[in-house]
Amino acid sequence: MNIFYPKICAHVTLIAFLCLGPASVQHAEAYFFGFEPPALSLEIERDDNINRSFDGDGEKSDTVFKPAVSVERQNQVGELTFTRTALSLEGAVHSRFSGLNHISPVMDAGLRRHMGGPGGSPTARFDLALGYEFFDQDDRFGAFVKPRIELSAMLEERVELSLYYEYDNRFASENTVFDVEGHAVGTSGELALTPDMFIVLGYQFRRGDAVVHQPGDLGVIKGEQLPLDTFKDRFTAVNLGNADTHTIDIGIRYFLNLFTELHAGYTYEEIRADGDEYPSNRFFMAVKHSL
């Protein structure tokens, strides 16, 4: 176990945590040419298959607390072009399986271009996130890079649709089982029920490496393997290699005011590889606040 992890994790937990962006468009405009005030958030998530097992008897559930804090700066570099930079510290604290606890410093840079006039639709975005994950369990340490291209448009006054492509690559520091690379395409839609309340729907398809955990020492599953005690009993981490992952999201967002947002939702994820399926159901609630 990393000796400085508990101190950092405790410190991060106390300060509450991240919102990667403004609490509202109006609030963002007030600070548009300078740094945003720090933004904090806390998400609580319940996952019924945190280890991504295909065997019902091997599935482990857990409740995860995800706090974070960030600072952000946006600049206008052309009539219709804007840049964004952000620094954040994100954390995850698991109620049952402490080996999955981690903190991640992340740097995010982006470019946004309005193609339908100032503030108009459609909008093209490019983002690049770089970070490092410090886990309670040293085998899981690793750096990651995530470039993303997105195109969004208002279909009508209350409906926004987005399409995106994302590449992710994680470089494990201790064990190559946790080297993960993949390509994803997805779409999301947002419906404004009122000026303060939104329904959010999303779907993503990803092809690439996926790490799952099965009870015991396995020889029947293809892929690089590593026995671990993360889940109390003896489990083996397996990198499935070229797996397909389907993710469906549904949620609701509500702005209490210009600075505070509530978000609740459900995510279904299913990993498919070599005829096996690894499903999970996640429910979450989050609060975000910009100071």
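The values are calculated or read from the model by the stated rules, or taken from the named source; none is laboratory data. Note that this is a predicted model, so its numbers are computed, not measured. All Cβ positions, glycine included, derive from the backbone under ideal geometry; neighbour counts span all protein chains shown.
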Search result, residues across the range 120-141 that are touching a helix residue (DSSP H, G or I) at 6+ places or on another chain (Cβ under 8 Å) and not aromatic (F, W, Y): E133, D136, Q137, D139, R140
Selection count, the range 255-291, where residues are over 29 Å from E36 (Cβ atoms), modelled with pLDDT of 95 or more and of a type in the set (S, T, Y): 3
Residue match in the range 198-219 (condition: on the phi > 0 side of the Ramachandran plot and either among the aromatic types (F, W, Y) or surrounded by fewer than 16 Cβ atoms within 10 Å (Cβ to Cβ) (or both)): yes
Qualifying positions in the range 129-158 - farther than 28 Å from A237 by Cβ and surrounded by 13 or more Cβ atoms within 10 Å (Cβ to Cβ): I149, E150, L151, S152, A153, M154, R158
Pairs with Cβ under 7 Å, 6+ apart, first in the range 139-166 and more than 14 Å from V180 (Cα to Cα), second among the aromatic types (F, W, Y) and crowded, with 17+ Cβ neighbours inside 10 Å: R148/Y164; I149/Y164; E150/Y164
Selection within the range 41-94 - touching an Asp or Glu at 6+ places or on another chain (Cβ under 7 Å), buried (at least 17 other Cβ atoms within 10 Å of the Cβ) and of a type in the set (A, V, I, L, M): I50, V64, A68, A86
Output for the range 41-69, where each listed residue is part of a strand (DSSP E or B) and within 15 Å of K232 (Cα to Cα): D62
Residue match in the range 121-131 (condition: of a type in the set (D, E, K, R) and over 21 Å from the mean Cα position of the chain (by Cα)): no
Residue check, E224 among the acidic types (D, E), at pLDDT below 95 and more than 25 Å from M107 (Cβ to Cβ): yes
Filter pass, R73 being over 17 Å from the mean Cα position of the chain (by Cα), modelled with pLDDT of 90 or more and assigned to a strand (DSSP E or B): yes
Tally of residues being among the β-branched types (V, I, T) and touching a Ser or Thr at 6+ places or on another chain (Cβ under 7 Å) across the range 70-115: 3
Enumeration of residues in the range 155-164 that are within 20 Å of L111 (Cβ to Cβ) and more than 19 Å from the chain's Cα centre (by Cα): E160
Lone unmet requirement of (1) loosely packed, with under 15 Cβ neighbours inside 10 Å; (2) modelled with pLDDT under 80 for I250: (2)
Residue within the range 182-205 that is farther than 21 Å from S88 by Cα and in contact with a His (Cβ under 7 Å, 6 or more places away or on another chain) present: yes
Yes/no for T187 being part of a strand (DSSP E or B), β-branched (V, I, T), free of Cβ contacts under 8 Å to residues at least 40 places away in the same chain and farther than 27 Å from S70 by Cβ: no
Residue list for the range 76-117, restricted to those being over 16 Å from E133 (Cβ atoms), polar (S, T, N, Q) and in a strand (DSSP E or B): Q76, T81, T83, T85
Of all residues making up the range 134-168, the number that are under 15 Å from R206 (Cβ atoms) and of a type in the set (K, R): 2
Residues within the range 148-169 that are at pLDDT 95 or above and charged (D, E, K, R), tallied: 4
Failed criterion for A109 (all others in (1) over 29 Å from R234 (Cα atoms); (2) modelled with pLDDT of 95 or more; (3) crowded, with 19+ Cβ neighbours inside 10 Å hold): (3)
Residues of the range 259-282 satisfying the condition of being among the basic types (K, R) and crowded, with 19+ Cβ neighbours inside 10 Å: none
